[in-house]
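Written below as structure tokens is the structure these notes are about.
The values are calculated or read from the model by the stated rules, or taken from the named source; none is laboratory data. Since the model is a prediction, treat every value here as computed from it, not as a measurement. Cβ coordinates were reconstructed from backbone atoms using ideal geometry, including for glycine residues, and neighbour counts include every protein chain displayed. Just so you know, the surface numbers come from the protein's heavy atoms only, side chains and all, with ligands and any DNA or RNA stripped out. Shrake-Rupley method; radii C 1.70, N 1.55, O 1.52, S 1.80 Å.
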Amino acid sequence: MMEIVNLTEKQKSVVDILKKEHLTSFQILTRVKNISIILVLYKELDGLYKKGMLGSYIKNNLKYYYIP
């Protein structure tokens with residue numbers, strides 16, 4: 001199990017949703033209740049990338065994010 005340390009509440013919300021399925025940024029935005037602006041979401045995704053906790057790939061011209 002992944003140890004979650006030093007994450008903001010918004011990052012924890014993103015991690016929880018991405019543990020269940022791979023999603024695009026728009027799908028994440030519609031599922032995470034405490035983030036309502038796309039720029040805030042990208043800031044949180046960037047923070048997770050920097051912590052080495054987030055992966056991504058492109059499929060059918062859409063970028064999907066996931067927790068490896």
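Every listed requirement among (1) surrounded by 13 or more Cβ atoms within 10 Å (Cβ to Cβ); (2) touching a residue at least 24 places away in the same chain (Cβ under 8 Å); (3) acidic (Asp, Glu) is met by ASP16 save one, (2). Among the residues of segment 43-68, those identified as among the aromatic types (Phe, Trp, Tyr) and either surrounded by 14 or more Cβ atoms within 10 Å (Cβ to Cβ) or touching a strand residue (DSSP E or B) at 6+ places or on another chain (Cβ under 7 Å) (or both) are TYR57, TYR64, TYR65, TYR66. Scanning segment 10-68 for residues that are part of a helix (DSSP H, G or I) and among the acidic types (Asp, Glu) yields ASP16, GLU44, ASP46.
In segment 52-68, the residues that are among the small types (Gly, Ala, Ser) reach residues that are open to solvent by less than 40 Å² (accessible area, probe 1.4 Å) and in a strand (DSSP E or B) with C-beta atoms within less than 7 angstrom, at least six apart or across chains, in these pairs: SER56/TYR65.
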